[in-house]
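The structure under discussion appears below in the form of structure tokens.
What follows is calculated from the coordinates using simple rules that are stated; it is not laboratory data. Since this is a predicted model, take the numbers as computed values, not measurements. All Cβ positions, glycine included, derive from the backbone under ideal geometry; neighbour counts span all protein chains shown.
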2 protein chains.
Amino acid sequence: MPMYIHMSDAQLKEELSTQMTHFESCCAQNLKLNMARGKPAKQQLDEVSDILSVITTGDECFDDGLDTRNYGDLSGIPSAKVYWADILGCKPEQTFIGGSASLNLMFDVISKAYTHGLLHSQRPWCREEKVKFLCPSPGYDRHFRITELFGAELITVPMTAEGPDMDMVEELVKDPQVKGIWCVPKYSNPDGIIYSNRTIQRFANLQPAAPDFIIMWDNAYCIHEFEGEYVQIPDILSLCEAAGRPDMVYEFASTSKITFAGAGFSVVASSVANIAYISKLFSVQMISQDKINQLRHVLYLKDKAHTISVMKRHAAIMAPKFKCVSDILEKEIKPCGIANWNRPTGGYFVSLNTMPGTATHALALCKEAGVEMTGAGAAFPYGKDPQDSNIRIAPSLPPVEELEKAMEIFCICLKMAALEKLLNQ
Amino acid sequence: MPMYIHMSDAQLKEELSTQMTHFESCCAQNLKLNMARGKPAKQQLDEVSDILSVITTGDECFDDGLDTRNYGDLSGIPSAKVYWADILGCKPEQTFIGGSASLNLMFDVISKAYTHGLLHSQRPWCREEKVKFLCPSPGYDRHFRITELFGAELITVPMTAEGPDMDMVEELVKDPQVKGIWCVPKYSNPDGIIYSNRTIQRFANLQPAAPDFIIMWDNAYCIHEFEGEYVQIPDILSLCEAAGRPDMVYEFASTSKITFAGAGFSVVASSVANIAYISKLFSVQMISQDKINQLRHVLYLKDKAHTISVMKRHAAIMAPKFKCVSDILEKEIKPCGIANWNRPTGGYFVSLNTMPGTATHALALCKEAGVEMTGAGAAFPYGKDPQDSNIRIAPSLPPVEELEKAMEIFCICLKMAALEKLLNQ
């Protein structure tokens, strides 16, 4: 079969007719399949559910003499700080331990910047005439929405194979209204790119005009390899410190995809001065996070080495799903020449770029056939993909047999959208 | 012995000398006693630690088919909403379930009012020229600090035996800059007052000039009797609805003093419209709270009736401590005529008013003798008690034998401060 762009109108029509027949038979099955979000599968949750029996009595609730059942220890129990410092390669005193989602900690940092300013702010961001925020795209919709909620102008920065386009970032930060940037340095959401050492060093060396410019370093997939061995990336905190701007970065991580997405714990790490600054604001907001759950996690996950071994069990479940996505795309889409996609070795997504102008239509067809996907454009500021091309595939939730079915339907929809586009040109 | 105010200078000097001798012998013991905050005692935490074995396997993590281990259900699992609706006497759809501290939910409401406005706000509070907030005092320092953090002017409203002075409240809300009021309707912190039905009705009937005026109804001690049977107060949500202002109140509660202070769960209840409004803002901030802990609590506490039976076990531990405080004050302080205090039947505090102008000094003496108390003035806006008279006693944490010692020292310090004051007049 020739690639679609080399087909005659007659061939296109015939192929469209074939795909429509497939599509209709899929619709008739009344399926309900979900590849919308990076949700762990039930099998993964079962795999780590022995964490639930780690603490079953009051006597087990003590962290080196500290009773985790009572008030206090706002910034986290000591062993939780040691744990996250080990994972992230920073110091325990550089951490503040959060609740079940690191997103809430990110929101808190931006919210506090808005209401009270950050450590080096001249005024709260709500008193600034304008605030701009850099959004490497495709990126994580929930990041962009936080800064959008606080009225920031979102500026798209393209992604390269090494991470965000640093030439552009270095240029943009010369504008004092540019107050920060969202980053997912390892297995970026959705591209699955690991920022190169050079990119990370360029981040640390940034010379922003805004004294309170912040790098929001969401290390969400810091130990989330599903193929191959653990990959170490340079510690941004110490690089920023070495470059003379220790307060320029806030790093985030959580156990949402290590233990439970609905009941894990999280961390924000930064300079000691930044942690002191936000802790003071946090002291008005909260009394303490769930310290028993902190201890439960530390007892179960132990340390970085042991956590990596737990991640191997997730990898064994995840890898076949990513292989399934890859195999079906290779077989169904590659010959048509209508899309390209990444082949990540960690993280939770496959990012696919289909024929420009067809993503929205393809996803509408998916929905019609009972396959729920992340909305078109979601990975771009304001939910608008200028190319209408990027699609985020989240294969983690469905079992492989459902995933195969969902991917089959997805490919039919991609093809139909492309064929209709070519026929209408 | 005559009351201090009837003593001659010579008698005062002799009494001071006696108390100073006691004081010095206390100091020599290098004690470390704490009556500073309303912390549950270890014995109370032990009493409810069987909650830790309620969920020990993955199979137990399902709430009517919903897997609490995974993402989703931002506003809480269905059974948690049913639980809190039962406790508070509202509807499940009027609740949003929070993490380990209701304080964080209160902060969130005020923070959102500041950054985005509430449902009926004409603009975010950060765009208002001035915001004033009513603070019935003595009250809870952490409440006042939240509104202070967002730049509100704190206005003191005196407490009466029926709750806040409602004549004054009704007058003050005519000012459109007055945006809300902090309330602890049952066993008010620190006075231990239960608002009368008449007071609660007057709250519901308020006609504030500000369209976005809110009653911050912190029902922290909703089922926290330590003496006598459960006391029902009218449901403020339905009263406000009946009065035509369903969106005027946000109610808060938590299990911090039912199960664990460091690992409970919380709720905000309000009109369905308010819950929808804040849920939309929360959807940018968070993914979900810890849903396993929600389920753990519902399975353990079951419903209101069973929770009240759990509270009886706390009462058995708390009651002797409040009796100890009361007995020692009766014996040591009443004859001197230098202070009066309340005798609550629930809540966590005894509020004492000593001779005006002596509270700060008395508490400094306590500190010197190794007894940590809530700071003088803490129960007033900006931490300033105009009378320098109110002292909050929190007897819950220490075991009775330590509490006796602490109270003994406290009484000595009260006496010394009063005697010195009288001698210097």
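Rounded, prolate or oblate: pick one for the range A:327-425, where a ≥ b ≥ c are the square roots of the eigenvalues of its C-alpha gyration tensor, a/c under 1.5 means rounded, and failing that, prolate if a/b is larger than b/c, else oblate. Because its axes are fairly even, with a/c under 1.5, the range A:327-425 counts as rounded.
Scalar couplings 3J(HN,Hα) for the range A:246-259, obtained by applying the Karplus form with A = 6.51, B = -1.76, C = 1.60 to θ = phi - 60°, are x, 9, 7, 10, 10, 10, 10, 7, 7, 9, 3, 10, 10, 10 Hz; x denotes Gly and Pro.
In nanometres and ascending order, the distances from the residue A:279 label point to those of the other copies are 3.7 (point 7 Å from Cα along Cα→Cβ). Rounded, prolate or oblate: which fits chain B, taking a ≥ b ≥ c as square roots of the Cα gyration tensor eigenvalues, rounded meaning a/c under 1.5, else prolate when a/b beats b/c? Because a/c hits 1.5 or more and a/b fails to exceed b/c, chain B counts as oblate. Mind grabbing the base-10 log of I(q)/I(0) for the range A:147-205 at q = 0.15, 0.29 Å⁻¹? Debye formula, identical points on the C-alpha positions, no solvent, two decimal places. Those come out to -0.46, -1.30, one per q. Among A:386, A:347, A:116, pick out the residue whose Cα is farthest towards the positive end of the charge dipole of chain A, where Lys and Arg carry +1 and Asp and Glu carry -1 on C-beta, about the Cα centre. The listed residue farthest towards the positive side: A:116. Computed from point charges on the beta carbon alone (+1 for Lys and Arg, -1 for Asp and Glu), the dipole magnitude for the range A:1-88 about its Cα centre is near 480 Debye. Rounded to the nearest 20 debye, the dipole magnitude of the range A:306-385 is 340 debye, with +1 charges on Lys and Arg beta carbons, -1 on Asp and Glu beta carbons, and the Cα centre as origin. Which shape class, rounded, prolate or oblate, goes with the range A:127-257 when its Cα gyration tensor gives a ≥ b ≥ c as root eigenvalues, a/c under 1.5 marks rounded, and past that a/b bigger than b/c marks prolate? Prolate is the answer for the range A:127-257, as a/c is 1.5 or above and a/b outweighs b/c. Taking amide hydrogens as placed 1.01 Å from N in the peptide plane, the amide H of residue A:178 sits under 5 Å from those of A:132, each at least 5 positions away in sequence or on another chain. For residue B:265, the residues whose modelled amide H falls within less than 5 Å of its own, excluding neighbours fewer than 5 places apart on the same chain, are B:255, B:256.
For the residue pairs B:257/B:405; B:257/B:321; A:39/A:312; A:32/A:186; B:334/B:421; B:132/B:174, the C-alpha atoms sit more than 20 angstrom apart in B:257/B:405; A:32/A:186.
Karplus-based coupling profile of the range B:204-215, in residue order and whole Hz: 5, 8, 4, 10, x, 5, 6, x, 10, 4, 10, 8, with θ = phi - 60° in 6.51 cos²θ - 1.76 cosθ + 1.60 and x standing for Gly or Pro. Which residues does the label zone of residue B:167 cover in the range B:178-197, counting backbone N under 19 Å from a point 7 Å along Cα→Cβ? Residues passing the 19 Å test: B:196-197.
What net charge is computed for the residues neighbouring residue B:422, neighbours being all others with C-beta under 14 Å from the C-beta of residue B:422, Lys and Arg scored +1, Asp and Glu -1?
Combined, the nearby Lys, Arg, Asp and Glu give -1.
What number comes out for the charge environment of residue A:131, summing +1 per Lys or Arg and -1 per Asp or Glu over other residues with Cβ under 13 Å away? So the surrounding residues net to -1. The charge dipole of the protein assembly as shown, taken about the Cα centre with unit charges on the Cβ atoms of Lys, Arg (+1) and Asp, Glu (-1), comes to about 500 debye, rounded to the nearest 20. Within the shell of other residues whose beta carbon sits under 11 angstrom from the beta carbon of residue B:183, the net charge comes to -1, with Lys and Arg scored +1 and Asp and Glu -1.
With only the Cα atoms considered, the protein assembly as shown has a convex hull volume of 173 Å³ per residue. Amide H contacts of residue B:137 (H built 1.01 Å from N, in plane; Pro and chain starts excluded): B:157, B:159 sit under 5 Å, all sequence-distant by 5 or more or on other chains. Label-point distances for residue B:233 to the equivalent site in the other copies, using a point 7 angstrom along Cα→C-beta, read 5.1 nm when ranked shortest first. Phi-derived couplings, Karplus 6.51 cos²θ - 1.76 cosθ + 1.60 at θ = phi - 60°, listed residue by residue for the range A:173-182: 6, 6, 7, x, 7, 7, 9, x, 8, 8 Hz, with x used for Gly and Pro. The same position residue A:205 in the other copies lies at 7.3 nm from this copy, comparing label points 7 Å beyond Cα toward the beta-carbon, shortest first. Each part reduced to its alpha carbon centroid, the range A:358-425 and the range A:147-179 end up 27 Å apart. Here each label is just a point 7 Å from Cα along the line to Cβ, and for residue B:340 and residue B:367 those points are 2.9 nm apart.
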